[in-house]
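Following: one structure in structure tokens, then a few remarks.
The values are calculated or read from the model by the stated rules, or taken from the named source; none is laboratory data. Just so it is clear, the model here is predicted, and its values are computed rather than measured. Here the Cβ is made from the backbone with ideal geometry for all residues, glycine too, and neighbour counts use every protein chain on show.
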Amino acid sequence: MMTHAQAYQLMCEWTASDSLRKHMLAVEAAMRFYARKFGEEEEKWAVVGILHDMDYEKHPSKEEHPYQTVKLLREMGEPEEICRAILAHADYSGVKPETPMEKTILAVDELCGFITAVALVRPSKSVLEVEVSSVKKKMKDKAFARPVSREDIAHGAELLGITLEEHIENCLQAMKGAAGELGLAGVTT
């Protein structure tokens, strides 16, 4: 299995967009958090998080994403459990999330993007100031971050067997721990 450093390098080779790179880093942080929580292999879960949208910039269609990433990983001889988890994060792939890692990548993907959006509309641009209540309030505003499926976020918490509030708190804690790397530590005025 590739190391985190190898996965990061591969992701950077495929992805030029700073915001997409930061999204994958946010998902990686959440995957690491849940791997520790569930007593799983943190490095493996981090690799899934950092690679899950690697092909999205070049291949954004449902016909190609995330299949191009999985094709490359299989050619490289990466474990099938990593490939399945990446496929499972796309509900249209036909791969139903079954393992904890598969369920978690599906659960954290949309929520990490949503939390980033919540942080970026704050004057400070800091995830460090975001609370569960502010995320839930923004979820009720259908015009805010319109493309993000609130149903997918709620379903993710259900998949993990926890409340929506706990899931939001977990992802917030993960992202707060990586705030600097994510560009969400805030701006000085």
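Couple of notes before you dig in:
- Among the residues of region 23-45, those that are charged (D, E, K, R) and surrounded by fewer than 23 Cβ atoms within 10 Å (Cβ to Cβ) comprise 32, 36, 37, 40, 41, 42, 43, 44.
- When the residues of region 85-105 are filtered to those that are in a loop (DSSP other than H, G, I, E, B) and of a type in the set (A, V, I, L, M, F, W, C), the one that is nearest to residue 167 (Cα to Cα) is 90.
- Pick from region 85-96, criterion farther than 12 Å from residue 45 by Cα and not hydroxyl-bearing (Ser, Thr, Tyr), ranking: surrounded by the fewest Cβ atoms within 10 Å (Cβ to Cβ): 94
- Filter result for residue 7 (under 11 Å from the mean Cα position of the chain (by Cα), in contact (Cβ under 8 Å) with a residue 12 or more places away in the chain and either part of a helix (DSSP H, G or I) or under 20 Å from residue 112 (Cβ atoms) (or both)): no
- Against the list (1) modelled with pLDDT of 95 or more; (2) aliphatic (A, V, I, L, M); (3) more than 15 Å from the chain's Cα centre (by Cα), the condition residue 24 fails is (3).
- The single condition from (1) in contact (Cβ under 8 Å) with a residue 40 or more places away in the chain; (2) touching a His at 6+ places or on another chain (Cβ under 8 Å); (3) assigned to a loop (DSSP other than H, G, I, E, B); (4) not small (Gly, Ala, Ser) that residue 78 fails is (2).
- Every residue from region 36-88 that is among the aromatic types (Phe, Trp, Tyr) and more than 21 Å from residue 23 (Cβ to Cβ): 38
- Residues located in region 166-189, provided they are more than 18 Å from residue 35 (Cβ to Cβ) and either of a type in the set (S, T, N, Q) or surrounded by fewer than 16 Cβ atoms within 10 Å (Cβ to Cβ) (or both): 180, 187, 188, 189
- Single unsatisfied condition, residue 135 versus (1) surrounded by 20 or more Cβ atoms within 10 Å (Cβ to Cβ); (2) under 28 Å from residue 4 (Cα atoms); (3) not hydroxyl-bearing (Ser, Thr, Tyr): (2)
- Out of 99, 163, one residue alone is among the β-branched types (Val, Ile, Thr), free of Cβ contacts under 8 Å to residues at least 24 places away in the same chain, surrounded by fewer than 17 Cβ atoms within 10 Å (Cβ to Cβ) and under 28 Å from residue 62 (Cβ atoms). It is 99.
- Residue within region 130-147 that is of a type in the set (Ser, Thr, Tyr) and closer than 20 Å to residue 31 by Cβ present: no
- So residue 128, is it part of a helix (DSSP H, G or I), more than 17 Å from the chain's Cα centre (by Cα) and under 19 Å from residue 183 (Cβ atoms): yes
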